[in-house]
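*Asks:* Okay, here's the structure, questions in a sec.
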Amino acid sequence: YLALIGNALIVFGPIVSIFNFYLCNIPQLVIVFVAAAFFYLLSTCLTSAFYFIPGIVNLPYLLVSIGVSIQEIFRFALFLAYLFTERGYERNLKVKLLYGKFAWLHASVAAGLGFATCHALLLNGNVLSQSYGPGTLYLPNCPTITYFTHHSIMTLLFVLLNISWMIIGFQGYIKKSVLRIISLLVLHFAASLITVLNNKKDSCLYVLPTLASLVVIGAIISTVELIIICNKDE
Amino acid sequence: MLYKHLQDTRSCVLLFSETEAFGCRGTIDTKDQGVLMIFNQATELENIRNKTCIYKDTFTLIASSDFLLSENGISTLRSISNDTTLADSIAGVLVYTNGTKPVHFSPAPTYPNKIYGLYPNSTIHWNPNGTNVLFDLFDFPIVFLNEDDSSTALSKVNSNLNCDSTQETVEFKFEMAGRDHKNASSCLSSGTCQPIGGQSVWSIMKARQEEVADEMVISSCKIDSSSFVRGDARGGSAYQSSVVVNLAVAEAISKQTQKKHFKRDLMFTFFDAETWGYSGSQNFLYDLKNFTCVVKSTEDEDICERPYKTSLAFVKNIDYKKIKYVVEVDQIGTQGDVNNIYVHYDNSLVDVNRTSEIISALGSGVIKSDAKEIPPSSLQSFHSYLPKGSFGSVLVADYDTKFKNKYYFDVNDDINNIDVDEICRVSSKLSNAIYTLVSGDTTMNLSANCTFVEIIVGCVLNSSSCEYIPNDSNVEPNHYSGVFSWDATTRRTSSIINNVMGSLTLFGEQPKDVVSCSTKLDCPSNQTCVGGTCVKSTTYFHDAISPAFYFDNDEYKWKIRNLSEFATITSQRPSIYAESNWVSVGVRSFSKNYGYYEGTVTFFGVVLTVLSGFVIAVVRTILSRINDYRSSSSFIK
């Protein structure tokens, strides 16, 4: 069971930490987190419908592009739902949903974590269950680490990416910033399309570093957003 | 694939005798998986143990059947088993086949059933190729692989030899419930094993339908076999050849409708579980001499409830005192250079005149064996239960003082080990002899039906379906009797014999309404189930379980009698054999990491979790200093 614990901690350790130390004391953020997870689930269900198209599984780039596009649509839909809720809350109850200049940042982190958690569960849940037991598996795409560890590391990277994408996205939608939205789309497409190369021999030598680089880029952009918010008057 | 389950594996199981356990003990949780290492010589074992890259001190040894099923291999296996330290580090042994056949091999003893026969101190080695490995005890499972899995397993061994980053490992799920017991008595009392037994078949062709004739002729054979792996009991020459001959004789004689020529009753007996101390013949003869029905069934007068018997026909139709001629068919037609027919008898036990009559009826072309003793056979039961000198007896076989069969009780004793033409020839000879004995007519020249012989050979020795079993499927022939059951349908060999003999011994007017059945219990009284239909026939099953066992109806379990009860009935020691219950049997292979890898990953996961918690706490502090973080959580300003 050590493999199961270790790989589960790699994926869900950061998620649990963020949830525990950042979100769980604020009920509104917990609701945003859950709603975001549900929106991600809906996007995945819609994407899965495309798998019924004959022959589409032989066009992985097309399939991934469709999936990314649908996720972005649902991200925007989530943003609209949050906006609608916030405005309705203010209009009817005469109080704000969240206070402080970082309200939108908190909301985007909660939403990003919701997307990331559902993504992690769907992507890694089945793989993690297989890691329980004495057996292990090495694949040609990454012969130095086990399939389970490789999968967990990739899922962790996507968890971090999802949070940074949601921050960029929410800021882009609030400010109607085309640059931010385009950056988001470029980052998302790049990260998703690079995973198509995972079936090549020794691909983890370039896929994982590429994803890690995108995480760094996302983190830098998110930090810049944070700085911008800090400097803005409430 | 993460786990590969090895299919169609055959493994040895755990059995018990009166005094000891033998076969293969199951796995225990602490020693059920081991790194795969090849060994084809005894010297390789120390090299395996000294490999420093092996993390766990348990191994799964893989060896070829060529090596393991040889004297050298058996000797090595025994030395491993006797070395406790070494045996404790073996999770199991896999045996792969490379398609070659040994020159000779027999897992049986050199004198099968010696202590249960008439000559417990005999020095004859009937089975000179015998290694006795059937009765060894191994503290680990031994599993035989099919050809596909053999090549897969061999390819995985190489990475272990090179100390690659993963260990190719094999795990055994091989739970023998009776593992902790030392003998049959202990095991039975705990309910973790069952007595070994089967179902014998007997048929009677009466001289006069409603009477028992003054004398009876018996044509007998054994029907079961064994093997190191119980599922590999092919039993070609030993003893399906004798089954075929006995059935062919019955078929030839049954065509003689003018049975008014019969002056003696003729009975055919097919004894099951003879491998296990002559259980079938002992039970039959014990019941003939001793049986009393304590509680009869109220629904069918032919059934006894206590002790349970599905048919009491043996009480009504057989008087043991009238058994005057017994001819046993032993191994016949074993492949070899020369085909001879030998007759075996013990002058000190038989009625000499009647024995001469049998030999005379056999005609020319038979050779008297040089052995002074009868070979291991059901005849030994007849001579121990029936009065000395009261009947003539002869055993007919293709060997003289030692078995011609080089693969006695081995998987290679299959259809390729017998000569079907020779079996047909001997069947014709025996048909004439038996007919002469029952009718006194020496003018008839009976021939066995060779087409019928081929069909029966196919039924008992081929994996294709048999026309004598309704809805039969393709099954690998296996003639191990297994654990005892009153349900005869669990014994395929017995079912085939019953259906053949049943169709040859129909009598009187058959029922107008066709009643389907799977056992006799589905049929009206005085009818038996033959080929799935209730008919009037004189073919019956008889329990083939050692008379040493009895079923306690109050405690609902098998028990062992006080063996001193038998002293007044027979000079033969009754056998006690039981098979452990097994919970599951399966083997799977997989790759396994060295232990430090998983520990490293877990450590990394813990560090990551702690680090992310620390980072979040720092970020929260920073944010709350920039803006009052707590006020964001307030519903009301």
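The values are calculated or read from the model by the stated rules, or taken from the named source; none is laboratory data. Predicted model only: the values in this text are computed from it and were never measured. Methodologically, a virtual Cβ is constructed for each residue, glycine included, from the backbone with ideal geometry; neighbour enumeration extends over all protein chains shown. All accessible areas refer to the heavy atoms of the entire protein, side chains included, with ligands and DNA or RNA removed. Shrake-Rupley method; radii C 1.70, N 1.55, O 1.52, S 1.80 Å.
For (1) among the aliphatic types (A, V, I, L, M); (2) buried (at least 16 other Cβ atoms within 10 Å of the Cβ), each residue gets a yes or a no:
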residue: B:Tyr308; (1), (2): no, no
residue: B:Leu312; (1), (2): yes, yes
residue: B:Val329; (1), (2): yes, yes
residue: B:Thr334; (1), (2): no, yes
residue: B:Val343; (1), (2): yes, yes
residue: B:Asp346; (1), (2): no, yes
residue: B:Val352; (1), (2): yes, no
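*Asks:* Hey, another quick one. Sort out which residues of region B:164-180 are in contact (Cβ under 8 Å) with a residue 60 or more places away in the chain, surrounded by fewer than 22 Cβ atoms within 10 Å (Cβ to Cβ) and either within 29 Å of B:Ser279 (Cα to Cα) or of a type in the set (Ser, Thr, Tyr) (or both), and write them in order of number.
*Replies:* B:Ser165, B:Thr166, B:Glu175, B:Ala177, B:Arg179
*Asks:* With respect to the numbered conditions (1) exposed (fewer than 15 other Cβ atoms within 10 Å of the Cβ); (2) part of a helix (DSSP H, G or I), which one is the sole condition not fulfilled by A:Val95?
*Replies:* With (1) exposed (fewer than 15 other Cβ atoms within 10 Å of the Cβ); (2) part of a helix (DSSP H, G or I) applied to A:Val95, the lone miss is (2).
Each row is one residue, and each column tells you yes or no for (1) within 27 Å of the chain's Cα centre (by Cα); (2) more than 18 Å from B:Ala433 (Cα to Cα); (3) free of Cβ contacts under 8 Å to residues at least 60 places away in the same chain.
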residue: B:Glu301; (1), (2), (3): no, yes, no
residue: B:Tyr308; (1), (2), (3): yes, yes, no
residue: B:Val327; (1), (2), (3): yes, no, no
residue: B:Ala361; (1), (2), (3): no, no, no
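*Asks:* Continuing with the same structure: Mind listing whichever residues of region B:403-455 are assigned to a helix (DSSP H, G or I), closer than 22 Å to B:His261 by Cβ and open to solvent by 10 Å² or more (accessible area, probe 1.4 Å)?
*Replies:* Answer for region B:403-455, where residues must be assigned to a helix (DSSP H, G or I), closer than 22 Å to B:His261 by Cβ and open to solvent by 10 Å² or more (accessible area, probe 1.4 Å): B:Ser428, B:Lys429, B:Asn432, B:Thr436, B:Ser439.
*Asks:* Also, I was wondering about something else. Can you pull out every residue in region A:195-233 that is within 20 Å of A:Ala103 (Cα to Cα), in contact (Cβ under 8 Å) with a residue 60 or more places away in the chain and in a helix (DSSP H, G or I)?
*Replies:* A:Glu225, A:Leu226, A:Ile229, A:Cys230
*Asks:* Working only within region A:58-109, note down all residues that are within 14 Å of chain B (Cβ to nearest Cβ) and in contact (Cβ under 8 Å) with a residue 40 or more places away in the chain.
*Replies:* Answer for region A:58-109, where residues must be within 14 Å of chain B (Cβ to nearest Cβ) and in contact (Cβ under 8 Å) with a residue 40 or more places away in the chain: A:Leu97, A:Leu98, A:Gly100, A:Lys101, A:Phe102, A:Trp104, A:Leu105, A:His106, A:Ala107, A:Ser108, A:Val109.
*Asks:* Give the residues of region A:36-57 that are aliphatic (A, V, I, L, M) and either surrounded by fewer than 22 Cβ atoms within 10 Å (Cβ to Cβ) or within 8 Å of chain B (Cβ to nearest Cβ) (or both), sorted by residue number.
*Replies:* Passing the criteria: A:Ala37, A:Leu41, A:Leu42, A:Leu46, A:Ala49, A:Ile53, A:Ile56, A:Val57.
*Asks:* Now a separate question. For A:Phe33, all conditions in the list (1) away from chain B (no Cβ under 14 Å); (2) within 21 Å of B:Ala617 (Cα to Cα); (3) loosely packed, with under 13 Cβ neighbours inside 10 Å; (4) of a type outside the set (S, T, N, Q) hold save one; what is the number of the exception?
*Replies:* In the conditions (1) away from chain B (no Cβ under 14 Å); (2) within 21 Å of B:Ala617 (Cα to Cα); (3) loosely packed, with under 13 Cβ neighbours inside 10 Å; (4) of a type outside the set (S, T, N, Q), A:Phe33 misses (3) alone.
*Asks:* Say we look at region B:543-596 and pick out the residues that are of a type in the set (S, T, N, Q) and part of a loop (DSSP other than H, G, I, E, B); which of these is nearest to the other protein chains (Cβ to nearest Cβ)?
*Replies:* It comes out as B:Asn581.
*Asks:* Search region A:9-29 for residues being in contact with a helix residue (DSSP H, G or I) (Cβ under 6 Å, 6 or more places away or on another chain) and more than 8 Å from chain B (Cβ to nearest Cβ), and hand back the single one that is surrounded by the most Cβ atoms within 10 Å (Cβ to Cβ).
*Replies:* Looking at the filtered set, the residue picked out is A:Val11.
*Asks:* Test A:Ser203 against the stated conditions and say whether it is open to solvent by 10 Å² or more (accessible area, probe 1.4 Å), of a type outside the set (A, V, I, L, M, F, W, C) and either within 22 Å of A:Leu29 (Cα to Cα) or more than 14 Å from chain B (Cβ to nearest Cβ) (or both).
*Replies:* The answer is no for A:Ser203.
*Asks:* Hey, any hits in region B:120-139 for a residue that's touching a Gly at 6+ places or on another chain (Cβ under 6 Å), open to solvent by less than 60 Å² (accessible area, probe 1.4 Å) and in a loop (DSSP other than H, G, I, E, B)?
*Replies:* No, that holds for no residue.
*Asks:* Shifting gears a bit: Find the residue count for region B:237-293, including only residues that are open to solvent by less than 10 Å² (accessible area, probe 1.4 Å), farther than 24 Å from B:Lys309 by Cβ and either without any contact (Cβ under 8 Å) to a residue 12 or more places away in the chain or more than 28 Å from the chain's Cα centre (by Cα) (or both).
*Replies:* 3
*Asks:* Sticking with this one: Output the residue which, of all residues in region B:18-35 that are away from chain A (no Cβ under 13 Å), part of a loop (DSSP other than H, G, I, E, B) and closer than 20 Å to B:Leu61 by Cβ, is least open to solvent (accessible area, probe 1.4 Å).
*Replies:* B:Gly26
*Asks:* Please report, ordered by residue number, the helices (runs of 4 or more DSSP H) entirely within region B:272-382 with at least 1 residues that are modelled with pLDDT of 95 or more and either farther than 20 Å from B:Asp543 by Cβ or of a type in the set (Phe, Trp, Tyr) (or both).
*Replies:* B:279-290, B:352-362
*Asks:* Would you be able to say whether some residue in region A:181-194 is assigned to a loop (DSSP other than H, G, I, E, B) and within 26 Å of B:Gly605 (Cβ to Cβ)?
*Replies:* No; the residues of region A:181-194 include none that is assigned to a loop (DSSP other than H, G, I, E, B) and within 26 Å of B:Gly605 (Cβ to Cβ).
*Asks:* Among the residues of region B:484-542, write down those that are open to solvent by less than 40 Å² (accessible area, probe 1.4 Å) and on the phi > 0 side of the Ramachandran plot.
*Replies:* Result: B:Gly531, B:Gly532.
*Asks:* Here is a further query. How about region B:188-210: which of its residues are under 28 Å from B:Tyr239 (Cβ atoms) and in a helix (DSSP H, G or I)?
*Replies:* B:Leu188
*Asks:* For region B:79-102, give me each residue that is over 16 Å from B:Val157 (Cα atoms) and open to solvent by less than 70 Å² (accessible area, probe 1.4 Å).
*Replies:* Passing the criteria: B:Ser79, B:Ile80, B:Ser81, B:Asp83, B:Leu86, B:Ala87, B:Ser89, B:Gly99, B:Pro102.
*Asks:* Restricting to region B:620-633, and then to whatever is facing another protein chain (nearest Cβ under 8 Å) and open to solvent by 40 Å² or more (accessible area, probe 1.4 Å), can you tell me which residue is modelled with the highest pLDDT?
*Replies:* My answer is B:Arg620.
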